[in-house]
Amino acid sequence: MKKTIALCAAAAIAPIAAADLVELTFDMTGVSIDNPAFVYGAVQEQNLYAGELIVAVGVRNMVVDFAGGLSSPTINFAWALDLNGAGYGAGIFYLAGASGPFAPGSQETFNIEYDVSVYGAQVLPADYYGTWNAGSFIGSDTGGGAVSVASGEMYYILDTNIPAPGALALLGLAGMASRRRRG
């Protein structure tokens, strides 16, 4: 009887775990801007999630140093997104105007989240940029190391049918526990 209950419980949990929110995080520590014509950041190969819906993107506890000697340092945050469904194409997008200017030599902390579900945002197709399809970036209208990240992260929140690795591990443990009792 206990075996049947354990198996039924694992089967009941599986559909709940299969449709879940998954967070992809990018450690931005050490990212700095060398040329204001470009964005700089971190990328990941997340082909497993290609085409999955992106609910939100954000910046969490990002501590940024603005170099002294510059007149008006700014910062902007960008994410690699597939916005074809909203007619914007696919690529790297700023979701708001630049923040700032900040006092030269200052340090600021950022916590921002944007709801992108209204755009039908998706994870870029597999290996869209050669070896990666998910990434988060900083940009600025000043360069030369004027903006550098001391610590913090940027992230995506996905609404996916692909279970998070933790959900898969729990289901696997439930199956092992059931088998162990049989033997």
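The values are calculated or read from the model by the stated rules, or taken from the named source; none is laboratory data. Small disclaimer: the values here were computed from a predicted structure and weren't measured. Cβ: placed from backbone, ideal geometry, glycine included. Neighbour counts: every protein chain shown. When the accessible area is computed, the model is the full protein with side chains, heavy atoms only, and any ligands, DNA or RNA have been set aside. Shrake-Rupley method; radii C 1.70, N 1.55, O 1.52, S 1.80 Å.
Starting from residues that are open to solvent by less than 30 Å² (accessible area, probe 1.4 Å) and closer than 13 Å to P101 by Cβ, keep the ones in the stretch 65-82 and report whichever is nearest to the chain's Cα centre (by Cα).
N76
For the stretch 1-39, how many residues are of a type in the set (F, W, Y) and either in contact with an Asp or Glu (Cβ under 7 Å, 6 or more places away or on another chain) or at pLDDT below 90 (or both)?
Of the stretch 1-39, the ones of a type in the set (F, W, Y) are 26, 38.
So of that shortlist, the ones also either in contact with an Asp or Glu (Cβ under 7 Å, 6 or more places away or on another chain) or at pLDDT below 90 (or both) come out as 26.
The qualifying residues number 1.
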**Request:** Only residues that are of a type in the set (V, I, T), at pLDDT below 95 and closer than 28 Å to Y49 by Cβ: list them for the stretch 73-117, please.
**Result:** I75
**Asked** Somewhere in the stretch 42-52, is a residue surrounded by 13 or more Cβ atoms within 10 Å (Cβ to Cβ) and at pLDDT below 85?
**Response** no
**The lone exception for G87 - which of (1) farther than 22 Å from T29 by Cα; (2) open to solvent by less than 50 Å² (accessible area, probe 1.4 Å) it fails** = (2)
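Which members of the stretch 124-142 meet the condition of being of a type in the set (D, E) and either modelled with pLDDT under 95 or not in a loop (DSSP other than H, G, I, E, B) (or both)? Write out each step before concluding.
In the first step, residues of the stretch 124-142 are kept if they are of a type in the set (D, E); the result is 127, 141.
Within the stretch 124-142, just D141 meets the criteria.
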**Request:** Tell me which residues, restricted to the stretch 109-123, are open to solvent by 60 Å² or more (accessible area, probe 1.4 Å) and closer than 18 Å to S148 by Cα.
**Result:** T109, N111
